[in-house]
Structure formats: structure tokens, C-alpha cells
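Beneath this line is the structure, given in C-alpha cells, with notes to follow.
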Amino acid sequence: MFKATIQDVSFLKDIFDSVSSLITEATFRLSNEGIELTAMDAASVAMVILKILPSAFIEYECDKEEQMTINIGNFVNVLKRAKANDKITLELGESKLKIKMIGDFKRNFSIPLIDITQTQNKAPELSFKCKVELVSNALKDGIKDASMVSDCVIFEAKPDSFIIKSFGDLSETALELTKDSPSLISIECNEEIKAKYSIDYLEKMMKALKSNEKVTLKFSSDYPVRIDYASVDRFQLSYILAPRVDTE
């Protein structure tokens, strides 16, 4: 049996809205350790790694490990019907996920479970040469600036600085953080590292990231980037994004 109740509606909305922009259907692992997802997008460009901890819920019950495959877009559409003060209960039925909302009045929804056709993906083992911890606002601003001139952004790291930049036909942008910058929490890099990534994917990955939160980037030259952020006692969310490699 799986049943979980949460008071913070916006928390679920933000997390699953971000995931649904990349993944249409997904298989979740339900256990006494929480709700977990590891899934690749249809283009095999990005991976989502999510764990929602039992402590994020005011009530959480899962007496055996189960898998649940749903259309995430359908789930998000139901969550968007919730009011700010609603308490939401999720309960796994035989062929559906039941969603109960209790606030000024009670409402019940259900979405169908999808037959599982494959097992969950596994996160790849990657070795990175650079690790950057920064404040989320700086990352969002750098990506937003870059979107004005191109559809891709360059992450460039050196031992004492991190730069988010982009080049267009006539324009260019750059946001630079040094060890003196308040928004750069830490940087671990022994050489110059440079890689290019899709802005469209990065913007989708930023949806659940709140202002002034810490976000960690791990990457190497022309290599996937791993983006990690978390909320203590609530969730851990990571994305892995393949690089854009110039072929000319």
C-alpha cells in the first residue's frame, strides 16, 4: 500500500512541472525511502534523477516497494487544480493513482496507471573535472542573457572563475563570477574547462529552482553537465544534459 499526504501544494507543482517539460511518461519507484524517478527524455539528450523524501510529507505510508507508471502531464494538470491551502493525498490503487484535495471543500481525482514496458533507467557513472557551486539567480540570469543571442550557452571554468557566455552572429553576452563574487559559493577546477549546452533544455531544468538557492554544476570540456539542487528533508533533484558539440 502506498499513501502520502502533503500540505505544500506549490512544492509538488514546481517539481513535477519541471520534470514534465522533459519527460512525458515515467515510472516511479515507491518505497519506504521515498518516491524516486530516473528517466531519460525521448531524444536521449537529458536525464532526470528525482527523489522526494518521506519527510516532505505530513503522512507517508509505503509497506512494500512498488512501481507506478503515469503520464506526468496529466498529473501536473490535476495538481494545478489545487488551491494554495489544500492538503493533497496521493493513494495508489490497482489501476489508477487517486488524488484527494481537502481545503474549503473536498475533491477527488484519479489518473490511470500505464502498463510498465521497461525498467527504470540507471544514472550513468560520470567523471567530472570541474565542480561549481553558485547561487541560482546567477545561473538563471546567465542563461537568460545567453538566450538573447543564441540557442546554446557556453560554461567556462578556470581555477578562479566561472563564466556563462554566448555568441550570436553579431552579439555576445557573458556573466562572470570570480572567487570574490558573492554568488559564487565555491569552485573546484585545476584547468580551463569549456562546454556548450542547449538553452532550451537548461531553461526547463531551471523551472523548479527557487531564487537564492544553491545549485551545483559538474562538467568537463565537451562533456555532459550534471545539475544538482536539493531541499533539506524534502527532495533531491538532478539533471544530466548532453553537450552540444560543434561538428564543423
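The values are calculated or read from the model by the stated rules, or taken from the named source; none is laboratory data. In this text, all values refer to a predicted model and were calculated from it rather than measured experimentally. Cβ placement follows ideal geometry from the backbone for every residue including glycine, while neighbour counts extend to all protein chains displayed.
Observations
- Segments classed as strands (runs of 3 or more DSSP E), wholly inside segment 33-136, with at least 2 members that are touching a strand residue (DSSP E or B) at 6+ places or on another chain (Cβ under 8 Å) and small (G, A, S): 34-40
- Within the set L184, L217, the sole residue that is under 14 Å from A138 (Cα atoms), modelled with pLDDT of 95 or more, within 13 Å of the chain's Cα centre (by Cα) and not assigned by TED's automatic domain parsing to the domain that holds E59 turns out to be L217.
- Restricting attention to segment 14-69, the residues being of a type in the set (D, E) and within 17 Å of Y201 (Cα to Cα) number 3.
- Residue selected from segment 170-184 under the condition charged (D, E, K, R) and farther than 21 Å from L202 by Cβ, by the criterion surrounded by the fewest Cβ atoms within 10 Å (Cβ to Cβ): D180
- Scanning segment 28-52 for residues that are acidic (D, E) and under 16 Å from the mean Cα position of the chain (by Cα) yields E36, D41.
- Among residues of segment 51-73 that are more than 11 Å from L113 (Cα to Cα) and among the hydroxyl-bearing types (S, T, Y), those with a beta-carbon under 6 Å from a residue that is at pLDDT 95 or above and not in a helix (DSSP H, G or I) at least six positions away or on a different chain give the pairs Y60/A4.
- All of K165, K140 fail the test of being in contact with a Phe, Trp or Tyr (Cβ under 9 Å, 6 or more places away or on another chain) and either in a strand (DSSP E or B) or within 16 Å of K214 (Cβ to Cβ) (or both), apart from K165.
- Qualifying positions in segment 227-236 - at pLDDT 95 or above and buried (at least 20 other Cβ atoms within 10 Å of the Cβ): I227
- Long-range neighbours under 7 Å by Cβ, at least six apart or interchain, first residue more than 11 Å from L237 (Cα to Cα) within segment 205-216, second at pLDDT 85 or above and in a loop (DSSP other than H, G, I, E, B): K207/S21
- Filtering segment 7-26 to residues that are buried (at least 20 other Cβ atoms within 10 Å of the Cβ) and either assigned to a strand (DSSP E or B) or not assigned by TED's automatic domain parsing to the domain that holds A46 (or both) leaves only A26.
- Across segment 82-126, the qualifying residues are those that are at pLDDT 95 or above and surrounded by fewer than 12 Cβ atoms within 10 Å (Cβ to Cβ), and the one among them that is nearest to the chain's Cα centre (by Cα) is N108.
- Qualifying positions in segment 34-63 - of a type outside the set (A, V, I, L, M) and either within 18 Å of L97 (Cα to Cα) or in contact with an Asp or Glu (Cβ under 9 Å, 6 or more places away or on another chain) (or both): G34, E36, K51, P54, S55, F57, E59, Y60, E61, C62, D63
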